[in-house]
Amino acid sequence: MRIKNFLPLAAFVPALLLSACGDDDDNTASATATAPAATSAASQTAAPTVTAPSGTPAPASPTAPGAFQGSTTAVEVAPPAGLQQASLVEVRAAAHEGYDRLVFEFAGAQLPGYRVSYETKAVACGSGQDVTAFVGEGTVPAGLLLITMRPASAHNEAGQLTAVRTLRPALSSLKNVFGTCDFEGVVTYAVAVSGMKPFTVSTLANPPRLVIDFAR
């Protein structure tokens, strides 16, 4: 397979605007949640990792204002046994009642493994370029969430992108989404958040989707 590395910052294409309506199919009531219990968002230091098993049943994301039960603790799930590489085909975001939602949709039948965590720095893989301020549109974001998925790719055999690399939802908590890595089976997106907002991580099937909801 042809490996697609990330170019220097000056070569990135202009951002694409993307929006979705509130009745998006990702607002389904039957999701598998993998986020830990709520913790304080006061600390600006990334919390310890919590590893959650795949398929753990839990309530879906809340739909009522004030009902959001998220956490700032990192979430990590190992990839399914035997998964070769999942192909990312869409990245989208939408505002819902009481929270903002970010969705990563994959082709096939399975999600890759993933880690979702607040960090202090975003780096473009391959070049090693620090893109933290770029993600924050000129400044370090108040909250910087990194989403790493593996084994996964966001390009095809010809090296063409299969999902957008840059997304500016400009929502209440979700400001900017930027792909920092698509290299050797690792796909990473950095998300500029309006603060260390609690988040939840859940999954949806048919098609497989990784869903991250952010408190407003």
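Just so you know, all these numbers are worked out from the coordinates, no wet-lab data involved. Quick caveat: nothing in here was measured; it's all calculated off a predicted structure. All Cβ positions, even for glycine, are placed from backbone atoms using ideal geometry, and neighbour counts span all protein chains on display.
Observations on the model:
- Remark on the stretch 129-168: ratio of C-alpha radius of gyration to 2.2 N^0.38 Å is 1.45.
- Dipole magnitude (debye, nearest 20) for the stretch 118-179, charges at Cβ of Lys, Arg, Asp, Glu: 100 debye
- Each residue of the stretch 154-164 is assigned a 3J(HN,Hα), and the resulting list reads 10, 8, 9, 4, 7, x, 7, 5, 9, 8, 4 Hz, derived from the Karplus form 6.51 cos²θ - 1.76 cosθ + 1.60 (θ = phi - 60°), x at Gly and Pro.
- Amide H contacts of Val164 (H built 1.01 Å from N, under 5 Å, at least 5 apart or other chain): Val91
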